[in-house]
Amino acid sequence: MRKFSIKDWSVDDQPRKKLMQKGSAALSNAELLTILINSGNAFLSANDIAKHLLNATENNLHKLATLSVKEMVNLKIKGLGEAKAIAIAASLELGIRRQLDSIQKKQVSSSKDVASYLQASMQYLQREVFAIVLLNRANRIIHFEIVSEGGITGTVADPRIILKRALENNATGIILCHNHPSGNLKPSQADEMLTRKIKNAAAFLDILVTDHIIVSHEGYFSFADEGML
């Protein structure tokens with residue numbers, strides 16, 4: 001029995017034509033992935049591969065975005081090799097960067113503004129990292145940098161590196177940030193001690209530490225909002 005390919009589908013069901021006629025928002029997650037996967041094999045169509053990939057990640061795009069190319073390939077889905085995994089990873093990264101670009105142009109007026117930026121850039125990481133957002137006098141983001149990376153349970157940041165980056169970029173404000181891959185947003189005692197240490201050191205250079213934000217896929221925690229600065 002001949003296996004039907006995407007070309008055998010009705011025009012309304014063919015992902016590429018559907019996108020052209022109705023726009024990308026009209027497509028399901030599986031259909032969008034089908035376009036990226038492009039072709040199937042003797043066993044599975046591109047749409048079948050897309051559905052298997054979504055099932056393997058519990059139909060959770062957040063979980064899919066956390067996977068590296070190697071991890072996608074290691075799911076052992078027939079027809080999902082390195083080339084297709086690279087195409088999917090690249091597409092997901094473009095989506096993250098598009099979100100970052102739109103947020104970065106805004107003036108920071110609340111913790112929510114920065115949290116949106118940080119979640120876009122850090123929420124998919126599987127290891128804990130410590131980063132800084134540097135602000136100019138107009139409270140616009142002028143630089144974002146991950147200054148240290150740790151394991152699954154924690155990371156350590158060097159205040160000297162943080163202050164050096166602030167001086168190099170002529171920043172007048174610093175927002176400290178790190179992620180919690182576990183989803184837990186409660187700051188540790190070490191987080192509180194490090195925040196005070198960097199804030200006090202920055203004050204000698206007339207640089208203001210305006211917040212320390214913890215982000216995860218569950219949301220964010222702001223030291224400033226909680227009166228902890």
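The alpha-carbon atoms of the chain define a convex hull whose volume equals 133 cubic angstrom per residue. For the residue pairs K78/K112; K112/K197; K22/K84; K51/K186; K63/K112; K70/K197, alpha carbon separations beyond 32 Å are given by K78/K112; K51/K186; K70/K197.
Indicate, rounded to the nearest 5 percent, the antiparallel portion of the DSSP beta bridges found entirely in the stretch 106-229.
That works out to approximately 70 percent antiparallel.
Helix 111-122 and the long axis of the chain differ in direction by around 50°, with both axes built from C-alpha atoms.
Remark: accessible surface ordering of R165, R97, R137, R16 (largest first) is R137, R97, R16, R165, probe radius 1.4 Å. When the stretch 15-124 is described by a simple charge dipole with +1 on each Lys and Arg Cβ and -1 on each Asp and Glu Cβ, the residue from A50, S91, M20 located farthest towards its positive end is M20.
The relative contact order of the stretch 71-229, computed from alpha carbon pairs under 8 Å that lie at least 6 residues apart in sequence, is 21 percent.
Which of rounded, prolate or oblate describes the stretch 158-229 when judged by the alpha-carbon gyration tensor and an a/c cut-off of 1.5? It comes out prolate by the Cα gyration axes. For the chain, DSSP calls about 70 percent of its internal beta bridges antiparallel. Restricting the stretch 190-226 to chymotrypsin sites (Phe, Trp or Tyr not before Pro) that sit in a DSSP loop and have at most 14 other Cβ atoms within 10 Å of their own Cβ leaves F204. Within the accessible surface of the chain, defined with a 1.4 Å probe on protein heavy atoms only, the carbon and sulfur portion equals 51 percent. Centre-to-centre, using Cα atoms only, the stretch 34-49 and the stretch 154-180 are separated by 45 Å.
Once Lys and Arg get +1 and Asp and Glu get -1 on their Cβ, which of Q126, L75, C177 lies farthest toward the positive end of the dipole of the chain? Checked the options; the winner is L75.
Annotation: per residue accessible area for the chain equals 57 Å², rounded to a whole number [probe 1.4 Å, protein chains only]. Under a model in which nothing but the beta-carbon of Lys, Arg (+1) and Asp, Glu (-1) is charged, the chain shows a dipole of about 700 debye around its Cα centre. In the chain, the sites counted are GluC sites (Glu not before Pro) in DSSP loop states with at most 14 other Cβ atoms within 10 Å, and the longest stretch holding none of them, exclusive of the sites, is 59-217.
The values are calculated or read from the model by the stated rules, or taken from the named source; none is laboratory data. Model, not experiment: these values are computed from the prediction. So basically every Cβ, Gly included, is an ideal-geometry build from the backbone, and we count neighbours across all protein chains shown. Just the protein is used for accessible areas: all its heavy atoms, side chains included, with ligands, DNA and RNA removed. Shrake-Rupley method; radii C 1.70, N 1.55, O 1.52, S 1.80 Å.
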